[in-house]
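These notes concern the structure reproduced below.
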Amino acid sequence: MKVGLIGTGLLGAAVATRLLKCGHTLTIYNRTRSKAEPLKNLGAEIAGSPKEVAARSDIVIIIVKDAAAVESVAFGKNGIVDGIHEGLVVADMSTISPIASKKTSERFLENRIIMLDTPVMGGPALAEKGGLVVMVGGEKKSYERFRQVFEAIGEKTFLIGPNGSAHAMKLAMNLQISVLALSISEGLLLAKKSGLDPLLFLEVLNSTYFKTGMSQNKGPKMARGVFEPSFFLEVMYKDLEEIENTAKAYGANLPLARLARELYQNAVNAGFGKIDYTGILAYLEKISG
Ligand SMILES: NC(=O)c1ccc[n+]([C@@H]2O[C@H](COP(=O)([O-])OP(=O)(O)OC[C@H]3O[C@@H](n4cnc5c(N)ncnc54)[C@H](OP(=O)(O)O)[C@@H]3O)[C@@H](O)[C@H]2O)c1
């Protein structure tokens, strides 16, 4: 399978690594070329533009920051549509709103290219092990055609529905993550300010029915103040903005999501955007004095 991948940030580099390990031929492009270079040693070909990636690939996976970035690599100068050839399929793995995603798929279709929305759950570490959960929106035939690519990176893949549906699901998922990180942060902070050992707080929590993957895996790092990024806090803020816009458009009143958006926004403004999203704890510690 000739696979193309655009965007070798934290998630994109991990997905690329996994696809190469699984034996796929991979052509990559990143706006900042230096971030793509290390993947050359693993066998990736580096292209000079999204157009070149598309021309050399059966499927092009996009993993860039937001909807504006997707639009730029898809339809900008030397974009994916300029590399069109028979049977080309695009899979957008960036997290964007279902509304923007639907529009993007329609624009691709006007250019005779099928697009699937393929957001994922799980971070770079899981991607490298093939342990992501992949949600797919769009044409079943194209999903089936490239299923082995999605199954290389995903332990589970779900065909959710038509274009946009997978992104609606993804935003509902990220709402869980953002609020959970806040809830564990506030628990840790309260325990610490009460004179308790934050690691003991986690030990008790993780002995109960209310433990989560986050309290078990990220919790100990949070308690120790280690916020090495697997998912930048500023990217979580972007997702909360998408959640708020989507909720408004679809008529869902989500007070908790609004509050989370405000807190993550304040954290970004206070300079915490480039640490892991669980570093929301560091921001809460700062405002606690
Ligand atoms: N990290 C995770 O755990 C995770 C999990 C699920 C979904 N996601 C989603 O995956 C996407 C990427 O996340 P990430 O964690 O890999 O973020 P990241 O490390 O910040 O990488 C962002 C990528 O987007 C590119 N980009 C940004 N603006 C661009 C533009 N205008 N034109 C072209 N390229 C542009 C960046 O290129 P440069 O290097 O040139 O800046 C970089 O390759 C996001 O939508 C995120 O929500 C991430």
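In table form, for the structure just shown:
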{"item": "DSSP beta bridges in the chain [antiparallel fraction, %, rounded to 5]", "result": "15"}
{"item": "Listed peptides 4-11, 203-210 by packing density, highest first (mean Cβ within 10 Å)", "result": "4-11, 203-210"}
{"item": "Peptides 105-117, 250-262 ordered by average Cβ neighbours within 10 Å, highest first", "result": "105-117, 250-262"}
{"item": "Translational diffusion of the chain, µm² s⁻¹ [Kirkwood Rh, Cα pairs; Stokes-Einstein; 37 °C; 0.692 mPa s]", "result": "167"}
{"item": "Cα gyration tensor shape of the range 28-132, rounded if a/c is under 1.5, else prolate or oblate by comparing a/b with b/c", "result": "oblate"}
{"item": "Size descriptor, Kirkwood hydrodynamic radius, that averages inverse alpha-carbon separations across the range 144-243, Å", "result": "15.9"}
{"item": "Local electrostatic count, Ser97, Cβ distance below 12 Å [Lys/Arg +1, Asp/Glu -1]", "result": "-2"}
{"item": "Cross-link table Lys35/Lys77; Lys140/Lys170; Lys2/Lys156; Lys65/Lys129; Lys193/Lys218; Lys40/Lys156, entries beyond 24 Å C-alpha to C-alpha", "result": "Lys40/Lys156"}
{"item": "Packing rank of 73-86, 160-173, where each peptide gets the mean count of other beta carbons within 10 Å, highest leading", "result": "160-173, 73-86"}
{"item": "Summed residue charge, Cβ within 11 Å of Lys193's Cβ, Lys/Arg positive, Asp/Glu negative", "result": "-1"}
{"item": "Partners for Lys221 among aspartates and glutamates (Cα-Cα distance below 18 Å; same-chain residues under 8 apart left out)", "result": "Glu186, Asp197, Glu203, Asp276, Glu285"}
{"item": "Prolate/oblate/rounded call for the range 76-195, Cα gyration tensor, a/c under 1.5 rounded", "result": "prolate"}
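No lab work stands behind these numbers, since they all come straight from the coordinates. Just so it is clear, the model here is predicted, and its values are computed rather than measured. Ideal geometry is used to build each Cβ from the backbone, glycine not excepted, and the neighbour counts take in all protein chains shown.
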